[in-house]
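Taking it in order: structure first as structure tokens, then the write-up.
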Ligand code: GLY
């Protein structure tokens, strides 16, 4: 069964479609676009071309096959050279302003193809078909697109909302379990930051690929993200807004940076970051030890770390937090838990408290 949800952003509004085995709807949409004389092309990666060959054939195969660009899988693809390949692919296949680019993949393909669509001919429509849990609940919705530079992640990009997002949870069947768990860190984050009922659902039993309510939970996360994006499309809110989505991320980004990206998956670093954020919130007097224990229990139940796997030195971790672009001048700024299910941004936080929270998850 398919359900949908509209992200309301004026003329940039779009629909998210949810369900298991729902991509026949997108195939029909592509056929209708082409029947109306619009060109459609698709970008994906090598893993998906191998593991989801049936889906690729459904969307792009047939007598009048779509042009398809298959890029290497992995974060290394989110760079200028590959962006150039996508631009050339679009130009070679004579896509024009009315054409549509379909991004079939995880966050790397979505962000890269989205930025190619944002910049080619100064912007063409694109459709997101996220294939990882992380992309389904986070990166495919919201319009941030971009690439990495040697100097750092996501340093070049654009806000470019998709034309539609088709979220088919059947695609998760070929996702490695470690990647599914990593995506769960973001799901837990949504419960903690704004949805006590979702958090309680995750406490009752871990969400798995076999859960009957998998698509419903993904939809709930997207509804929370959509509401945040609708209120703060370009991350300009002084308090709250999109910054709330960074719950656990200031700690998490520091872990990723200090370990050189790759040791921890993003979601694994965020999982430790969520526990650290809960501990910081405890130190600020918002929640008690019992709530911190509940956060740890849910994180652990989903196969995620609650502490650093190996001790990391506090100095580089705090330096990375201070550099984090989400930390504004005038003291450290964090997303804190007022309670489980309600969060707020708070500036001017004593660095000693953040360091103490980091120590409690294994920094030395
Ligand atoms: N594309 C992800 C976001 O806008 O947050």
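Before moving on, here are some points about what is shown:
- Residues that are more than 16 Å from the ligand (Cβ to nearest atom) and in a loop (DSSP other than H, G, I, E, B) do not occur anywhere in the range 85-92.
- In the range 106-116, the count of residues that are surrounded by 22 or more Cβ atoms within 10 Å (Cβ to Cβ), away from the ligand (no atom under 16 Å from the Cβ) and closer than 24 Å to residue 142 by Cα is zero.
- Scanning the range 138-159 for residues being near the ligand (Cβ under 9 Å from one of its atoms), more than 17 Å from residue 42 (Cα to Cα) and assigned to a loop (DSSP other than H, G, I, E, B) gives a total of 3.
- The number of residues in the range 101-137 that are more than 10 Å from the chain's Cα centre (by Cα) and part of a loop (DSSP other than H, G, I, E, B) comes to 4.
- Subset of the range 260-282 that is farther than 22 Å from residue 135 by Cβ and at pLDDT 95 or above - its residue that is farthest from the chain's Cα centre (by Cα): 282
- When the residues of the range 235-249 are filtered to those that are near the ligand (Cβ under 10 Å from one of its atoms) and at negative phi, the one that is nearest to the chain's Cα centre (by Cα) is 245.
- Scope the range 218-244; condition in contact with a strand residue (DSSP E or B) (Cβ under 8 Å, 6 or more places away or on another chain) and under 21 Å from residue 130 (Cα atoms); matching residues: 218, 219, 222, 223, 226, 229, 230, 233
- Qualifying residue in the range 169-186 (condition: under 22 Å from residue 143 (Cα atoms), surrounded by 20 or more Cβ atoms within 10 Å (Cβ to Cβ), within 15 Å of the ligand (Cβ to nearest atom) and modelled with pLDDT of 95 or more): yes
- Test: residue in the range 249-264 that is more than 21 Å from residue 315 (Cα to Cα), touching a helix residue (DSSP H, G or I) at 6+ places or on another chain (Cβ under 8 Å) and not in a helix (DSSP H, G or I): no
- Among the residues of the range 38-63, those identified as touching a residue at least 12 places away in the same chain (Cβ under 8 Å), over 15 Å from residue 102 (Cβ atoms) and out of contact with any helix residue (DSSP H, G or I) (no Cβ under 6 Å at 6 or more places or on another chain) are 46, 47.
The values are calculated or read from the model by the stated rules, or taken from the named source; none is laboratory data. Being a predicted model, the structure only gives us computed values, none of them experimental. Positions of Cβ are generated from backbone atoms using ideal geometry, with glycine treated the same way; all protein chains shown enter the neighbour counts.
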